[in-house]
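Okay, so here's the structure we're looking at.
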Amino acid sequence: ISAAGEHYLITRFVAGESGSSLFSRPSDASESTGVLVGAALARLHTTPAPVSTIGFLGRDISAEEYRLTSSALTSNTAFLRRLIREQEAHLRSLNIFLPPIDTNAIVVANDTERVLVHHDVCLKNILFADRAISAFLDFEYAVAGSPLFDIAKVHVLAKYLAYHTGGSARYLDADAYLSGFARGYGRAWTYSELRPFYLYILLNYILFWVANPLANAQA
């Protein structure tokens, strides 16, 4: 228990430096770091999902500022549509009204693909040691479903951290990092593949910023 009264569970100590810390100072390692992340994420995505359904792992899992219970979803498209509708409803409850999204137009490639997905792949959740990845951290939002949840977030956060001058990874070269990431993963992705997930991530961050108005200065 911390001095502030918060509870923490430490299961294992892992040596390393977060990616955000790594790029908080001048660095020319953007592309090589992207290769490491891409290769490690590709290995993670070969892990079979530990549940038979698509969705968040476990029951009544808290996901950002809304809640979604496990269900018998068998389609990534249905899962993503449900997430977007949940977030739109939550925003409306906060008196934030965005142009409506036609969820019926959302179609996910490899619709029934079900692997273990980290679901929060950002540089602060990756530890590096001796020019290698020592650990992925914070699996509390992990899902069984499309790896595109992770791929899209890597792309969004690379651009955000590189161009948001208040971010801790301000020295990240986003283009070099994403080029290395695609090389490490073993393939590149089209905008049409990632676009549905970009919509979801956008809504997710709007909710996050509304609930944590100072958090965008601490990314």
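The values are calculated or read from the model by the stated rules, or taken from the named source; none is laboratory data. Here the structure is a predicted model, which is why all the values come from computation and not from measurement. Heads up, the Cβs are rebuilt from the backbone with ideal geometry, glycines too, and the neighbour counts pull from every protein chain shown. We work out accessible area using only protein heavy atoms, side chains counted, and drop any ligands, DNA or RNA first. Shrake-Rupley method; radii C 1.70, N 1.55, O 1.52, S 1.80 Å.
Hey, among the residues in segment 158-175 that are over 19 Å from Thr190 (Cβ atoms) and in contact with a Leu (Cβ under 7 Å, 6 or more places away or on another chain), which one's modelled with the highest pLDDT? Quick ask: steps written out before the conclusion?
First, the residues of segment 158-175 that are over 19 Å from Thr190 (Cβ atoms): 160-173.
Imposing the further condition that a residue be in contact with a Leu (Cβ under 7 Å, 6 or more places away or on another chain) reduces the set to 161-162, 167, 169, 172.
Values: Leu161: 73, Ala162: 65, Gly167: 61, Ala169: 84, Leu172: 91.
That would be Leu172.
Can you list the strands (runs of 3 or more DSSP E) lying wholly within segment 71-188 that have 2 or more residues being touching a helix residue (DSSP H, G or I) at 6+ places or on another chain (Cβ under 8 Å) and either closer than 30 Å to Pro26 by Cβ or open to solvent by 50 Å² or more (accessible area, probe 1.4 Å) (or both)? First the steps, then the outcome.
Numbers: elements: 115-117, 126-129, 132-136, 143-145.
Counting at least 2 such residues, we get 126-129, 132-136.
Determine which single condition Tyr205 fails, assuming it passes every other condition in (1) modelled with pLDDT of 95 or more; (2) part of a helix (DSSP H, G or I).
Against the list (1) modelled with pLDDT of 95 or more; (2) part of a helix (DSSP H, G or I), Tyr205 comes up short only on (1).
Looking at segment 24-34, is at least one residue at pLDDT 85 or above, closer than 22 Å to Tyr141 by Cβ, open to solvent by 40 Å² or more (accessible area, probe 1.4 Å) and charged (D, E, K, R)?
Checking segment 24-34: not a single residue is at pLDDT 85 or above, closer than 22 Å to Tyr141 by Cβ, open to solvent by 40 Å² or more (accessible area, probe 1.4 Å) and charged (D, E, K, R).
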